[in-house]
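Everything on this sheet refers to the single structure shown next.
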Amino acid sequence: PSGIPLVISTWNQPKANTAAQEALDRGGSALDAVEAGVRVPEADPADMSVGYGGRPDRDGRVTLDACIMDEKGNAGSVVFLEHIMHPISVARAVMEKSPHVMLAGEGALQFALSQGFKKENLLTKKAEKEWREWLKTAKYKPIANIERHDTIGMLSIDAKGNICGACTTSGLAYKMNGRVGDSPIIGAGLFVDNEIGGACATGLGELVMRTCGSFLVVELMRQGRTPQQACEEAVMRIVKKQDYKDIQVGMLAVNKEGEMGAFSIQPGFNYTLTRNKQTQVTDARSYLK
Ligand code: SD4
């Protein structure tokens, strides 16, 4: 198809897409591209939903979730991981160098250290200051878009036509300690089937996990829906069964042909597409206007 190779990611992420495109340009695979791409917001303290600089949980701890999937259906994931700048690379190591799919918490940290990753402080002064401010009232209520969701889900198709995906986040700001969201859950925050396409999700993970959001989108594409129809149907499944009033969920999908879809509950969700050397940010359609 003429639409590939491509890189697509949730939210406004041109720098991440550029890094992914550069990996493809160097002859890297779609897997190399998505890993290189999402490492950008992981290391960027200005992105307060991912990696270094991410907002902490209630107890002031930055805990990270990430997963990755390749074109063969292999998957790797880390959940509730602390002190590691690049959880996506640990997830890739889980996939490639361990017999498992998912490692959690202290075990994931020990594995990361054994693989040569460095232990670092990820709580920036700015995130700490905001958290201390929050502690004064300590009211927790997720609010759509206002939390400035920047969790990155990224899908790429390389020149060979292979699809891979990655998703990484520091999760919801001021979540309970130990809370894990949809982002590192294969089938919820991310799913790739190289025969069909890939999907990823962002927003309030609890709603996505209850409906296996990304898996659902890929399965709907398998049944013949376009990526757009599949994203809309998956979001409508959430809307039909769950309380979505002040809550955001965004779904993003691409199929083997390089066609895309995106849909969200609330307005404000957008995605970044890079192809043919051009990068463009597009507002997704939404259920509520
Ligand atoms: C979560 N889905 O932990 C993530 C949050 C998110 O932009 O997407 N933030 O529930």
For the stretch 126-137, state whether one or more residues are surrounded by fewer than 16 Cβ atoms within 10 Å (Cβ to Cβ), away from the ligand (no atom under 16 Å from the Cβ), modelled with pLDDT under 95 and not in a helix (DSSP H, G or I). yes
Hey, can you tell me all the residues within the stretch 89-99 that are touching a residue at least 12 places away in the same chain (Cβ under 8 Å) and not in a helix (DSSP H, G or I)? S98
If a residue must be farther than 22 Å from P5 by Cα, more than 14 Å from the ligand (Cβ to nearest atom) and of a type in the set (A, V, I, L, M, F, W, C), how many such residues does the stretch 236-256 contain? 2
Being hydroxyl-bearing (S, T, Y) and more than 30 Å from T18 (Cβ to Cβ) is true for just one of T202, T226, T211, T274. Which residue is that? T211
Of the residues in the stretch 204-218, those that are within 13 Å of the ligand (Cβ to nearest atom), of a type outside the set (S, T, N, Q) and under 27 Å from D158 (Cα atoms) number 1
Quick one: is K289 in contact (Cβ under 8 Å) with a residue 40 or more places away in the chain and among the basic types (K, R)? no
Give me a count of the residues in the stretch 251-269 that are more than 17 Å from D150 (Cα to Cα) and aromatic (F, W, Y). 0
Taking the residues in the stretch 36-46 that are among the aliphatic types (A, V, I, L, M) and in a helix (DSSP H, G or I) as candidates, determine which candidate is surrounded by the fewest Cβ atoms within 10 Å (Cβ to Cβ). A43
Please tell me if G250 is more than 16 Å from N74 (Cα to Cα) and touching a Ser or Thr at 6+ places or on another chain (Cβ under 6 Å). yes
Mind counting the residues in the stretch 1-35 that are surrounded by fewer than 24 Cβ atoms within 10 Å (Cβ to Cβ), touching a Cys at 6+ places or on another chain (Cβ under 9 Å) and not in a loop (DSSP other than H, G, I, E, B)? 1
Complete set of residues in the stretch 107-125 that are in a helix (DSSP H, G or I) and among the basic types (K, R): K125
Kindly indicate whether D158 is within 16 Å of the ligand (Cβ to nearest atom) and out of contact with any Cys (no Cβ under 7 Å at 6 or more places or on another chain). no
So which pairs qualify, if the first residue must be in the stretch 196-220 and polar (S, T, N, Q), the second must be part of a helix (DSSP H, G or I) and more than 8 Å from the ligand (Cβ to nearest atom), the Cβ gap must be under 6 Å, and the two must be at least 6 apart or on different chains? T211/R237; T211/I238
Where in the stretch 179-289 are there strands (runs of 3 or more DSSP E), lying wholly inside it, with at least 2 residues that are modelled with pLDDT of 95 or more, of a type outside the set (S, T, N, Q) and crowded, with 18+ Cβ neighbours inside 10 Å? 190-193, 197-203, 249-255, 260-264, 270-275
Some residue of the stretch 163-170 being within 14 Å of the ligand (Cβ to nearest atom), modelled with pLDDT of 95 or more and either charged (D, E, K, R) or assigned to a loop (DSSP other than H, G, I, E, B) (or both): yes
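The values are calculated or read from the model by the stated rules, or taken from the named source; none is laboratory data. Small disclaimer: the values here were computed from a predicted structure and weren't measured. Glycine gets a Cβ as well: all are built from the backbone with ideal geometry, and neighbour counts include every protein chain shown.
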